[in-house]
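Working notes, structure below.
Coordinate-derived values only; no laboratory data. Just so it is clear, the structure is predicted and the values come from calculations on it, not from any experiment. Note: ideal-geometry Cβ built from the backbone for every residue, glycine included; neighbour counts use all protein chains shown.
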Amino acid sequence: QQQVKQSPQSLIVQKGGISIINCAYENTAFDYFPWYQQFPGKGPALLIAIRPDVSEKKEGRFTISFNKSAKQFSLHIMDSQPGDSATYFCAATAGTASKLTFGTGTRLQVTL
Amino acid sequence: GAVVSQHPSRVICKSGTSVKIECRSLDFQATTMFWYRQFPKKSLMLMATSNEGSKATYEQGVEKDKFLINHASLTLSTLTVTSAHPEDSSFYICSAPTGGGVYGYTFGSGTRLTVV
């Protein structure tokens, strides 16, 4: 019940296209859903996060869509750029100081 | 924003020696620190949770005698890999909730450990 399932495992998108990564969870106690971007040899960095009281959150080119009834959330990267090429992890937690449960990661490659 | 400084970023050690990794919260008090291990092209695997002034809680399957965690102050948590072996080679990352009743986690920049 602690799992967060993430798909796809890898994704290739052309420059200017939309990258979409999906996650699904089972634990209904989860109440914070962040997305992290990780470059090789670096720690994860927060991209955007959402609480379950809203269905969508947008920050610049990044949008989270959240479907509470389906227990799914997704990351949309609009106008994808080569600099967005990285590994993306979704995560979830229940409580402000509780451990994060991570998805398996998606390696995004944005081609010219 | 909240920053966790992790050192060293890279370390190479000989098999059988011990290595200490430090994570310092620079502008906030980290009452909790999470320690992760990450294999190439894999997700972060939680190893243990440390709380200031108390014993760390280890995840199932993690050897507490091999991975010693100390959280003696509100700004410093350390992970010591004891008697390191090549199979301990990995990327280790720390993370702390930023606290204040607000959701948020800050991550260290990671330590690449290579045991030869």
When every residue in the stretch A:56-101 that is touching a Lys or Arg at 6+ places or on another chain (Cβ under 7 Å) and among the aliphatic types (A, V, I, L, M) is compared, the one farthest from B:F107 (Cα to Cα) is A:M78
Scanning the stretch B:1-41 for residues that are free of Cβ contacts under 8 Å to residues at least 60 places away in the same chain and farther than 25 Å from A:T96 by Cα, the one nearest to the other protein chains (Cβ to nearest Cβ) turns out to be B:K41
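Assess whether A:A92 counts as being closer than 19 Å to B:T98 by Cα and of a type in the set (A, V, I, L, M). Quick ask: steps written out before the conclusion?
Values: closer than 19 Å to B:T98 by Cα: yes; of a type in the set (A, V, I, L, M): yes.
The answer is yes for A:A92.
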Qualifying residue in the stretch B:55-73 (condition: under 20 Å from A:L100 (Cα atoms), in a loop (DSSP other than H, G, I, E, B) and among the aromatic types (F, W, Y)):
no
If you go through A:F73, A:F62, A:F39, the only one that is over 12 Å from the mean Cα position of the chain (by Cα) and among the aromatic types (F, W, Y) is A:F39
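Hey, could you check the stretch B:83-100 for residues that are polar (S, T, N, Q) and either closer than 21 Å to B:T17 by Cβ or surrounded by fewer than 17 Cβ atoms within 10 Å (Cβ to Cβ) (or both) and say which is farthest from the other protein chains (Cβ to nearest Cβ)? Let's see the steps before the verdict.
Here is the first cut: in the stretch B:83-100, the residues polar (S, T, N, Q) are B:83, B:89-90, B:95, B:98.
Right, trim to either closer than 21 Å to B:T17 by Cβ or surrounded by fewer than 17 Cβ atoms within 10 Å (Cβ to Cβ) (or both) and you get B:83, B:89-90.
Values: B:S83: 26, B:S89: 14, B:S90: 13 Å.
Ranking the candidates gives B:S83 first.
Identify, from the list A:T96, A:T28, A:T101, the residue that is under 30 Å from B:E59 (Cβ atoms) and exposed (fewer than 12 other Cβ atoms within 10 Å of the Cβ).
Details: A:T96 fails: exposed (fewer than 12 other Cβ atoms within 10 Å of the Cβ); A:T101 fails: exposed (fewer than 12 other Cβ atoms within 10 Å of the Cβ).
Just a single option satisfies the conditions, and that option is A:T28.
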Within the stretch A:30-53, of all residues that are more than 10 Å from chain B (Cβ to nearest Cβ) and in contact (Cβ under 8 Å) with a residue 40 or more places away in the chain, the one nearest to A:T101 (Cα to Cα) is A:F30
When restricted to A:T63, A:T87, the only residue closer than 30 Å to B:T31 by Cα, polar (S, T, N, Q) and either out of contact with any Cys (no Cβ under 9 Å at 6 or more places or on another chain) or in a strand (DSSP E or B) (or both) is A:T87
Condition set of a type in the set (A, V, I, L, M) and surrounded by fewer than 18 Cβ atoms within 10 Å (Cβ to Cβ), scope the stretch B:101-116, selection farthest from the other protein chains (Cβ to nearest Cβ): answer is B:V116
